[in-house]
Amino acid sequence: MKSTDKTKNTFAITTPLYYVNDLPHVGSAYTTMAADALARFERLRGKSVLLVTGTDEHGQKIQRTAESLGRSPQAHCDSVVPAFEALWEQLSIQYDRFIRTTSRRHEYIVKEFFQRVWNSGDIYLNQQQGWYCVSCEEFKDERDLLPGNRCSVHTSKEVEWRDEENYFFRLSRYQDQLLALYAERPDFIAPESRRNEVLSFVNSGLQDFSISRVNLEWGLPMPVDPSHTIYVWFDALLGYVTALLDPDSDPILEKALSKWWPIDLHLIGKDILRFHAVYWPAMLMSANLPVPGRVFAHGFLTKDGKKMGKTEGNTLNPVELVNKYGPDAVRYYFLKEIEFGEDGDFNETRFINILNAELANDLGNLLNRTLNMARKYCGGCVPNVLGENIEGDNLLKAMSLDLGEQVAGFYEELAFSKASEAVLALVRAGNKFIDVQAPWSLYKQGQIEGVEQVLYSVLESVRLASYLLSPIIPNISNAIYQQLGFSIDFNDRVTVNSLANFAAHAAWGALPANQTLGEPQPVFKRLELL
Ligand code: MSP
């Protein structure tokens, strides 16, 4: 699955809009780090990028949480949102829009969209009976419940019986159109296993679902019947549209959809796939609007092999993690160590071992020792060598020639782990190369040209590696680039985007001969298990 259409120069990507019933958890951080890495990669390639994130603030779950804390729902939401913004800042997440579903402009967009669906004749009143999981904000099939009427996602929570009059959305009407969409665009849902899951769900027959609630104040009023509020998922999915409004434009659908719609990629966790790959496109079809480019569902994180949960007492606090180890360590572990799309585990000892081995030793030490040699043997400058003049049988050059293209392909497939592995192979080869070539002996033998060729090759490999890893470890890449004598800041969105010439930077030989090198300093300090 490719993340982008190469012919397009814009790229819009979303994270889910997170519930504010609690502080951000590591699951929310996981999706957001992945979305940020992809957004950074596309910016590096010169695309105009819009990364949307935000918060989902209506519904029973939020209302109950606020009640239990003795706050009004709005005051509760207002108190939690800054924690999300602060965590994104700490994790070096560069979002372009942060949408809150309690914003006024969102209400206008929902109203207008609702009207279009209403005009299509797809909304009707009926009796809703069924088991509801407030934590999922979703009705559950009886056959999917665990013993004791518990939800299979929130295993400690009992579902609640509902029997009330609701407005329904005629999802059943869109079954054929949805199947046609999946057939025409095989990459609409990824990974493959998730696509198959959706296909079998839709093939087994779609039922209309209720899109209003009675006896629930904390929601947007139903335009045709204010005694109902709009179902939180109907409202939340539209947050993706509201987010596209320019800050100063009128809150009307036409404006929201004018530049960035359809969104290229919705990045989500596997538990909310049905909403994004079935309900959402059907709602858009009903409103006569184009559907998004793709939906990618990642797996779930476990801790020490166990499902994370408050009841199990083994949740992983992303704020503590980033305070302890810094943003790049956290980003690298989750994106490199876990195959994106599969479930993955967090274990602190493994976390520390991997970061020490790969970032502190393989990458950091390679740069450090080579810079020190460049000071000793080449006056603190990049050797007077042109990358193109290095012999073709030089192992590092040979490995680097198509690395940029290969890694770009992995990013496009959201295969962050494979992208990092491919880069790491070059770094490891750099370490071997320097040991085997032993520039210190060449120097003693007076073979200065040989020394220069070796040091240039290694410095250039480190540069290329840090450039290609910059979507994942932007701060380390910055430190490496600085020590190599560049003044590029990978956290400066505008500069990165305007300087973007991926083909040139991702190719062998972009390190200028004779460039003055910076002071050698560890780019990643070894971690200790605290
Ligand atoms: N509010 C909805 C999304 C609405 S989008 C219009 C929601 N919010 S959530 O805060 O509960 O979940 C957000 C994301 O976190 C989901 O993509 C979910 O998959 C992810 N995760 C929650 N727990 C997780 C793990 N343990 N591991 C990985 N991701 C998990 O759903």
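The values are calculated or read from the model by the stated rules, or taken from the named source; none is laboratory data. All values derive from a computational prediction rather than experimental measurement. Cβ coordinates were reconstructed from backbone atoms using ideal geometry, including for glycine residues, and neighbour counts include every protein chain displayed. Just so you know, the surface numbers come from the protein's heavy atoms only, side chains and all, with ligands and any DNA or RNA stripped out. Shrake-Rupley method; radii C 1.70, N 1.55, O 1.52, S 1.80 Å.
Each label was represented as a point 7 Å from its Cα along the Cα-to-Cβ direction; for S487 and Q74 these points are 4.8 nm apart.
Round to a whole number: what % of the accessible area of the chain belongs to carbon and sulfur, probe 1.4 Å? Provide the component values of the computation, followed by the final result.
On the way: 10240 of 21550 Å².
Exposed carbon and sulfur together represent 48 percent of the surface.
Largest first, the residues K140, K157, K525, K47 sort by 1.4 Å accessible area into K525, K157, K140, K47. Counting 0.36 nm for each residue step from D343 to E254 and taking away their Cα separation leaves a gain of 28.1 nm.
Within 10 Å, count the other beta carbons around each residue, average over each peptide in 22-33, 460-471, and list them highest first.
Working: 22-33: 21.1, 460-471: 26.2.
Result, highest mean first: 460-471, 22-33.
Using a cut-off of 10 Å between beta-carbons, work out the net charge of the residues near T55 (Lys and Arg +1, Asp and Glu -1, T55 not included). Taking every other residue near T55 into account, the sum is -2.
Ligands, DNA and RNA are left out, and with a 1.4 angstrom probe the accessible area of the chain is 41 Å² per residue. State which entries of K324/K397; K157/K270; K140/K259; K270/K525; K47/K525 exceed 27 angstrom in Cα-Cα distance in the structure shown. The answer is K324/K397; K140/K259; K270/K525; K47/K525.
Extension gain, D96 to C381: 0.36 nm times the residue separation minus the Cα-Cα distance gives 98.8 nm.
With both residues required to sit in the chain, DSSP beta bridges show an antiparallel share near 50%. Considering only I263, S204, L284, the residue lying farthest towards the positive end of the dipole of the range 177-294 is S204, judged by Cα position with unit charges set on Cβ. Where only DSSP H runs of four or more residues are counted, the chain gives -13000 deg cm²/dmol as its mean residue ellipticity at 222 nm, each run worth -39500 (n - 2.57). Along the axis of the charge dipole computed for the chain (Cβ charges of +1 for Lys and Arg, -1 for Asp and Glu, origin at the Cα centre), the listed residues P383, Q63, G27 are led at the positive end by P383. Compared with the dominant Cα axis of the chain, that is its longest principal axis, helix 448-469 is turned about 10°. Rg and Dmax over the alpha-carbon atoms of the range 187-297 stand at 15.3, 45 Å. For R116 and A183, the difference between the fully extended length at 0.36 nm per residue and the C-alpha to C-alpha distance is 21.5 nm. The C-alpha atoms of the chain define a longest principal axis, and helix 416-437 lies at about 10 degrees to it.
The angle between the Cα long axis of helix 104-119 and the longest principal axis of the Cα atoms of the chain comes to about 60 degrees, rounded to the nearest 10. Heavy-atom accessible area with a 1.4 Å probe sorts T15, T349, largest first, into T349, T15.
Evaluating 6.51 cos²θ - 1.76 cosθ + 1.60 at θ = phi - 60° for every residue in the range 394-404, the Karplus couplings come out as 5, 4, 5, 5, 4, 5, 7, 3, 10, 4, x Hz, glycine and proline recorded as x.
Treating r as the C-beta distance of N203 and D141 and R0 as 22 Å, the FRET efficiency rounds to 0.90.
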